1. Let me have the 222 nm mean residue ellipticity of chain B computed from DSSP H runs of 4+ only, each contributing -39500 (n - 2.57), with the sum over all residues rounded to the nearest 500.
2. Classify the protein assembly as shown from the C-alpha gyration tensor, please: rounded if a/c falls under 1.5, else prolate or oblate depending on whether a/b exceeds b/c.
3. Roughly how large is the B-A contact in terms of buried accessible area, totalled over both chains, probe 1.4 Å, nearest 100 Å²?
4. Across peptide B:58-67, what mean number of C-beta atoms from other chains lies inside 10 Å of a residue's C-beta?
5. Please report the projected area of the stretch B:86-150's Cα convex hull averaged over all directions, in nm².
6. Once you average over the residues of A:144-153, how many Cβ atoms of partner chains fall within 10 Å of each Cβ?
7. Just read off the accessible area of A:E93 with the full protein assembly in place, 1.4 Å probe, to the nearest 10 Å².
8. Ignoring everything except DSSP H segments at least 4 long, calculate the 222 nm mean residue ellipticity for chain A; use -39,500 (n - 2.57) per segment, divide by total residues, nearest 500.
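The values are calculated or read from the model by the stated rules, or taken from the named source; none is laboratory data. Note that this is a predicted model, so its numbers are computed, not measured. Cβ coordinates were reconstructed from backbone atoms using ideal geometry, including for glycine residues, and neighbour counts include every protein chain displayed. Please note that ligands, DNA and RNA were not included when accessible areas were found on the heavy atoms of the full protein model with its side chains. Shrake-Rupley method; radii C 1.70, N 1.55, O 1.52, S 1.80 Å.
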Amino acid sequence: MSEILLQIDGKEVKATEGMTVLEAAQKEGIPIPTLCHHQKLEPYGACRVCTVEVEAGGRTRLVASCLYPVEPNLVVKTRSQKIDKIRRVLIEEMMAHAPDSWQLQELAKEYGADRDRFEKEPSFCIHCGLCVRYCAEIKKKNALGFVDRGARREISFIPRIAAQECWNCKECFELCPTSALQAAYVLVQALSPARSSSE
Amino acid sequence: MDIDKIDRIIDKYHGEASSLIQILLDIQSENHWLPGEALARVSEVLDVPLTRIQHIATFYKAFSLVPKGRHEIHICMGTACHVRGASRVLDSVQDLTGIKPGETDLDMKFSLETVNCLGCCALGPVMEVDGKPHGKMAPARAIDVLKNYE
């Protein structure tokens, strides 16, 4: 594993090959906000809240730090007016879906996001995919997944699998940055009679 | 749709998970829709999680998870067809079949769908029935065409 030297917010940072910018920053205690990131899961890059500015080869680009691999002599900026604005609008958009999520409220305070900027569309899901990925990657049960596409995309449990597996697990509930997941599960549970017979 | 038929389709693609979409398309064209048991069987044989199949089947408009009629009517609502009166054709077809776009009638005879361009604008307004395009439609002509289908 070769060592790579890069600069984050003016600080020299050592990282190993294959690390992402986010991991390198977290190792040095430089905060980058995240919503869809989870240490045990593959990087996903859904929420874009971890967007940072990188300068390589004389050009600056905006990238999702949870996906971007470290490069030698990379210059990373984790805060700037441009980044703050991007994060603020992203948070405002997500708050249209889940206005009462405490994680979003914390971020909103930090970036001055207006909770009521966009018309409310209370789906309570911000499509972070944490529950879906946790169930597939860690538990390997695939009890829930995404259905439909674009603005209509939502999480959906497979009742047959959920009836057998979910009652004793529920580990994905606490990952959810909103309460949508739990609500979806409660709905499936109410609809599937299979649980009471297997218990 | 029986299991043997589904297995035959899967065998045609040597049971490879990479052919998932082709398999679903074949089931869709033979059966006009994808029943839950068919998806469960495909999931079991290909060893692909049902969540993934569900995601794909709901992502593409070519797939239907609800039963479809014996004949599928597509009415083009693209710009060229629209200015030549596609909405009047749609109205008359709706009156004849008694269904709105996205629906299937009780006899399972027709399913109605609007599309945004069939790529033959010179023939507009176009109505497609079971993949066969009928060009230069007018409300009365559209009804005459549909009377030929059983």
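1. Numbers: 7 runs with 69 residues, N = 150.
The helix-only estimate for chain B comes to -13500 deg cm²/dmol at 222 nm.
2. Judged from the Cα gyration tensor, the protein assembly as shown comes out prolate (a/c at least 1.5, a/b above b/c).
3. Rounded to the nearest hundred, the buried surface is 900 Å².
4. Counting other chains' Cβ atoms within 10 Å and averaging over B:58-67 gives 2.
5. Answer in nm², one decimal: 4.1.
6. Mean partner-chain Cβ count within 10 Å for A:144-153: 4.
7. 90 Å²
8. Values: 7 runs with 66 residues, N = 199.
About -9500 deg cm²/dmol.
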